[in-house]
1. Please compute the modelled spin-label separation between Gln59 and Ala121, points set 7 Å along Cα→Cβ, answer in nm with one decimal.
2. Expressed in nm to one decimal, what extension gain is obtained for the pair Met218 and Lys73 from 0.36 nm per residue of sequence separation less their Cα-Cα distance?
3. Between Ser204 and Glu66, take the C-beta separation as r, use R0 = 35 Å, and let me know the FRET efficiency to the nearest 0.05.
4. Full extension from Lys81 to Arg197: what is 0.36 nm times the residue separation minus their Cα-Cα distance, to one decimal in nm?
5. Can you compute the modelled spin-label distance between Glu114 and Asp47, with each label point 7 Å from Cα toward Cβ, in nm?
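Computed from the coordinates by the stated procedures, all read-outs in this text should not be read as laboratory data. Note that the structure is a prediction, hence the values are computed from the model and not measured. Quick reminder, even Gly has a Cβ in these numbers, built from the backbone with ideal geometry, and neighbours come from all protein chains shown.
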Amino acid sequence: MSCLPCCLGTPYPQVINVSRLDGGGQERCSPGPQRYNLQVSASESKDICVSDLKETAYQVIGIPPENQKIIHKGKQLSDPKRPLYAYGVTNGSRLMVMGSKNSRPKDPRQQEIEAVKKNAAKVEQKQNEVIQELEGIEKGFLESALVQEALQKLERRLASCSEEFLKLLESLDSLSLADGPEILRNSRKTTVQHIQRLLDSNDSLKSRIAQRKLEIVMFVYYLDKRASWYGR
């Protein structure tokens, strides 16, 4: 099959070699010289429909389903609800996909996830400021008389960071993604994991502050004991 320039926005038509159509098998997509093995399943019924194929092709090729034109033996697969076998598509069939890769409208839930990422980055910046100040205290850059009060302020700031991180996790947990694409669920998963790592870092910082406060208490206790011993 010759690859002619595509008038719909992509440089060349995309070729899909269908290897299995059993509702849970693989399809091999070959955009240009590359080949992909995909897990394909029917979204609503046991039969794989055109809409299922378009969504799968979108995940690999990047052409949104609404922009796709899929051709099989010179005929377009135009009805998204029609099963593929109705168009004569069987194992080993070769399909051609054409269309523009113009970005599809973002899912509102993806926008919410991106908003959480931005807010998490802002809180992380506050956490990084605490880290810098704590390192300065640990290196002795602050007068001894001011250390205790400074550590208490850092503790309060870390508590605020923890609270904000937990609120962000709650907002992610409240998103309903059961009917969403896998890419959306993965986006939430990676965001949750990142925030959880930041919370772990927060806990580690709290431990460092607690250790530093304990050292101050022990040092004051030592001074009191020494003064008492010399006063005898």
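1. 2.7 nm
2. Numbers: separation 145, 0.36 × 145 = 52.20 nm, distance 8.34 nm.
In short, 43.9 nm is gained.
3. On the way: r = 47 Å, r/R0 = 1.35.
The computed FRET efficiency comes out at 0.15.
4. Working: separation 116, 0.36 × 116 = 41.76 nm, distance 4.30 nm.
Answer, rounded to one decimal: 37.5 nm.
5. 3.8 nm
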